[in-house]
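Scroll down for the structure; my scribbles are underneath it.
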């Protein structure tokens, strides 16, 4: 059996965490107005209709480095909101390259989700490289749409994701994804 690369292992663990949380989502039709949530330790803010709660840090030992994944989650009925971030080793981005990091992240997500890639496009954020990814994922609770923004800022990866049992992203989902900001 081949050993997964360090970043692939980190990606697979984060995807498994997110899928585990997704499967346990509660069902209701509550609708809340958005509020700005500032996560000072992570250096970002985002507008969501729910309060994001920090989950325990997941320390992942990759083959050549360790990654501490910081994950924040909130639920509004059957919709879930996630923001995670982790720091890659300082020299990793230069060795592997930005496109390869995003390709590895997508490959890890797809491998863990039993999903179908609906859309992937290159985006940017404050001059930083990013990707928008839409995936249809089969879960024990049915088919879910996962829409994500991934950004590489220096050696830090930010992953913003919204999951919903609908087959199209709502305008409020896009507004939430686009509200992500780095704190100065």
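Structure summary
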read-out: Share of pairwise Cα separations in the range 121-184, more than 18 Å, in percent; value: 39
read-out: Residues 73, 121 arranged by fewest to most Cβ contacts within 10 Å; value: 121, 73
read-out: Rg [Å, one decimal], Dmax [Å, integer] - the range 57-184, C-alpha atoms; value: 14.7, 42
read-out: Inter-label distance for residue 107 and residue 57, nm, one decimal - labels placed 7 Å from Cα along Cα-to-Cβ; value: 2.8
read-out: Ranked list, fewest to most other Cβ atoms within 10 Å of each Cβ, for 114, 156, 131; value: 114, 156, 131
read-out: Sites residue 124 and residue 171, calculated FRET efficiency, Cβ-Cβ separation with R0 35 Å, nearest 0.05; value: 0.95
read-out: Relative contact order (percent, whole number), the range 34-184, Cα cutoff 8 Å, 6+ residue spacing; value: 22
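All of the numbers you see were taken from the coordinates with simple rules; none came from a lab. Remember, predicted model here, so these are calculated numbers, not experimental data. Here the Cβ is made from the backbone with ideal geometry for all residues, glycine too, and neighbour counts use every protein chain on show.
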